[in-house]
Amino acid sequence: MQDMNLTSLFIELMARLGLNYEFLATGYEAQIWRDGFLTTLYLVAVTIPVSLIVGLIFAACLTSNRPWLSAPVRGFVELTRNTPTLVQLMFSFLVLNTVVSNMVGGAQNNPLSPFFWVVAVVGLHVAALHAEAIRGGIEAVPSSMIEAARGMGFSPFEIMRYVQIPLAFRSSLPAIVNGLISLVKSTTVGNAIAVSEITYASIMVWTQRDNVVELMIVLLAFFSLINFVVARVGSWVERRLAIPGYGL
Amino acid sequence: MSAKLTAKIVFGLALSITALSGTQASADSTLERIKGRGKLTVGLILSGAPFGFIDPKTQEQKGYNVDIAKALAADLGVELESVTVTPPNRVQFLQQGKVDILIANMQYTEERAKVLDYVPTPYDRAGGAAVVRKDSGLKDWADLKGKPVCISQGSNYAQPLAEEYGAIVKGLPSQPESLLALQGGNCVAAVHVGATVGLLLQDRADEWKDFAIPFPNELIPSDSVIWLRKGEADTQKALDESVKKLHASGKLLELAKANRLLNTKYLEEENKKLSAK
């Protein structure tokens, strides 16, 4: 009851400003809109770790001396970096997903949801950007340091694990945070394949209610807030990991 | 950052928003302006035959909505200027004065009538039809309960499908994507304006041979009306007379048949009713 009163008070106040938030008092539209916020946050929370882990693996492959590891990843990075995320998503959902459905004998057996495709496409797209950033960081590690590690008997994997990645991660962190911010914004492409994130929910409401301005204000504020948090966490990690005197 | 500054910023924002939304309440000079310019600017949606599409051969805009716009302009004695709009931008185009009226597949709803004015006499009545796989065994709207149903993001079928029939609604950007999702098995049904999908199944029978429109009724048949800015009584009156004239003379029915609208029952009734007067 308390909640209802707050909602109607808000609608009333906004109406005085000339803003139409009446849909909040309805059942279906208010529901998909509220769920939209949660879905966006969930999407961001799942896609960020996916992009980071895959980005790291990609970077390791890219800098490897074995062509059978680096060549396919190089090809994928070029493809995903150079094509629009929206096109990739539409292609994945409308073409790849259909192919998968046919292979497993019908759509009812296909476990891949639109949500999965958004995580996969956006996650891998941003992973490609991360990989390039980390590769730059790995290549920036002084060769004398790697030689020293080799001299101490480190295997190539150990050099990667204990020397190159820790240093590369620090120097590529600003670029990675930029990548994560664009990841948050990219999750909105989900609306094209009916993943009920917040832009999708807003489109569903404003095509019926024609209150585009009202919902746009909320959308902008919401994404600003998420990315403000992402940027803050990023600079906090940067400070935490800084090596005094090393300049990173 | 002091509290005073924050208050100032908030106040400034609020003020600019009020100013923005206040623009719609201007005196009705639209009809005079239309006649003065000699041009009626109409916002049209070109989302597919039979309502509005671009002819691939001649690059011309065609369809029932386009023809109505032409007929209205002719009746007002002015030229037609058409502007293509989409569901998310159509109302903004109207309110910002980029177009005078909208003939954009917009059915009458109470919510819309709060924001916009409309021409009381509808130019069509349209409801939703569900395209489903022939072997799906779906017989009526109630069978869609708990199943994924594709629609296009501008349509007003989401709410009745979700609330009345308990379907899981998936809104794709437009009809082609929705139908592709249906073919790919991502939804069990695609619900769109009856006339559009009916024509599609006829015209591309080969590609759609596994699909049908089996439900006996259309979903929420509602009146398609012309929308205009609030408070433009003169324009509203002039257009209402024009639409009535087009009904009475049988011109609308003729246009509907020429554009192959499958269900012209409503138009025939209106024609009889208005031509009897």
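Going through (1) surrounded by 17 or more Cβ atoms within 10 Å (Cβ to Cβ); (2) more than 12 Å from every other protein chain (Cβ to nearest Cβ); (3) without any contact (Cβ under 8 Å) to a residue 12 or more places away in the chain one by one, B:Lys209 falls short only on (1). Among the residues of the stretch B:175-206, those that are small (Gly, Ala, Ser), at the interface with chain A (Cβ under 10 Å from one of its Cβ atoms) and in a loop (DSSP other than H, G, I, E, B) comprise B:Gly184, B:Gly185. When B:Glu163 is tested against (1) surrounded by fewer than 19 Cβ atoms within 10 Å (Cβ to Cβ); (2) more than 11 Å from every other protein chain (Cβ to nearest Cβ); (3) outside any loop (DSSP other than H, G, I, E, B), only condition (2) is not met. State yes or no: is B:Gln175 modelled with pLDDT under 90, within 19 Å of the chain's Cα centre (by Cα) and assigned by TED's automatic domain parsing to the domain that holds B:Leu262? The answer is no for B:Gln175.
From the list B:Ala130, B:Ala142, the lone residue that is over 30 Å from B:Leu72 (Cα atoms), surrounded by fewer than 18 Cβ atoms within 10 Å (Cβ to Cβ) and more than 10 Å from chain A (Cβ to nearest Cβ) is B:Ala142. Against the list (1) buried (at least 20 other Cβ atoms within 10 Å of the Cβ); (2) of a type outside the set (S, T, N, Q); (3) out of contact with any Phe, Trp or Tyr (no Cβ under 9 Å at 6 or more places or on another chain); (4) closer than 19 Å to B:Leu182 by Cα, the condition A:Phe93 fails is (3).
With the checklist (1) at pLDDT 90 or above; (2) surrounded by fewer than 20 Cβ atoms within 10 Å (Cβ to Cβ); (3) assigned by TED's automatic domain parsing to the domain that holds B:Leu252 in hand, flag the one item B:Lys114 doesn't pass. Against the list (1) at pLDDT 90 or above; (2) surrounded by fewer than 20 Cβ atoms within 10 Å (Cβ to Cβ); (3) assigned by TED's automatic domain parsing to the domain that holds B:Leu252, B:Lys114 comes up short only on (1). Within the stretch B:250-277, residues that are more than 23 Å from B:Asp203 (Cβ to Cβ) reach no partner that is assigned to a loop (DSSP other than H, G, I, E, B) and among the aliphatic types (A, V, I, L, M) with beta carbons closer than 8 Å at six or more positions or on different chains. Comparison of B:Ile34, B:Ile101 shows that the only residue that is touching a strand residue (DSSP E or B) at 6+ places or on another chain (Cβ under 6 Å), assigned by TED's automatic domain parsing to the domain that holds B:Glu268 and either surrounded by fewer than 19 Cβ atoms within 10 Å (Cβ to Cβ) or under 28 Å from B:Glu268 (Cα atoms) (or both) is B:Ile101. When the stretch B:94-120 is filtered for residues that are of a type in the set (S, T, N, Q) and under 15 Å from the mean Cα position of the chain (by Cα), the ones remaining, listed by number, are B:Asn105, B:Gln107, B:Thr109.
The values are calculated or read from the model by the stated rules, or taken from the named source; none is laboratory data. None of these values were measured; they are calculated from a predicted model. Cβ sites come from the backbone with ideal geometry, for glycine too, and all protein chains shown count toward neighbours.
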